[in-house]
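Worksheet: the structure to be examined is printed underneath.
The values are calculated or read from the model by the stated rules, or taken from the named source; none is laboratory data. These figures come from a predicted structure and were not determined experimentally. Here Cβ is always computed from backbone atoms with ideal geometry, including for glycine, and neighbour counts include all displayed protein chains.
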């Protein structure tokens, strides 16, 4: 279990559990009424249906509250609106973190260019290579939903950068952070994980892991 810093400890003297928290991007949807891009629980157009994107900025807020890392690296690719305009998933997620959930903007870095999990890994590696001073304890956290974490762990640990640098990616469950943020999400999480959309997603995840291990995995384009 992670040890939470004492609330009486001065900010400058606190030690962090991780050098950085990488937040994996999620598929978005444009709200027809407001015209704003949102991160819903389910995106019917997504092959996996269940995405739970809205939980990630809330989970990031809780991680910030618990002082788990000095910075957040936000990944995610691009989506297009009806006019063909390109919108960054990573930027939308980062804006929610800073504007709605009040995480200081200086602690949030948008690094995403590729909209699949393998691409999230590549974007993370590129950023860490360009900013080596970030790595101090060689502990990087990966924040995503429970449905995605086993595959994300496999992808990150399989990347030669993390192997050569002896960096251990640690998994952070968005659901666990969400429930620590508010107990009202406990029943919501249980209900969501018994839904047809999530059952479909979990089957896809199981197949994705199997395909990756056998060399047949094909990431979604974004």
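Farther than 22 Å from residue 48 by Cα, crowded, with 21+ Cβ neighbours inside 10 Å and in contact with a strand residue (DSSP E or B) (Cβ under 7 Å, 6 or more places away or on another chain): does that describe residue 98? It is false that residue 98 is farther than 22 Å from residue 48 by Cα, crowded, with 21+ Cβ neighbours inside 10 Å and in contact with a strand residue (DSSP E or B) (Cβ under 7 Å, 6 or more places away or on another chain).
At least 2 residues being within 13 Å of the chain's Cα centre (by Cα) and at pLDDT 95 or above is the threshold, and among the helices (runs of 4 or more DSSP H) wholly inside region 74-178 those reaching it are 89-95, 117-130, 149-158. Among the residues of region 136-164, those identified as over 30 Å from residue 40 (Cβ atoms) and buried (at least 16 other Cβ atoms within 10 Å of the Cβ) are 139, 162. Given the condition under 15 Å from residue 142 (Cα atoms) and either assigned to a loop (DSSP other than H, G, I, E, B) or in contact with a helix residue (DSSP H, G or I) (Cβ under 9 Å, 6 or more places away or on another chain) (or both), answer yes or no: does some residue in region 26-48 qualify? Yes, some residue in region 26-48 is under 15 Å from residue 142 (Cα atoms) and either assigned to a loop (DSSP other than H, G, I, E, B) or in contact with a helix residue (DSSP H, G or I) (Cβ under 9 Å, 6 or more places away or on another chain) (or both).
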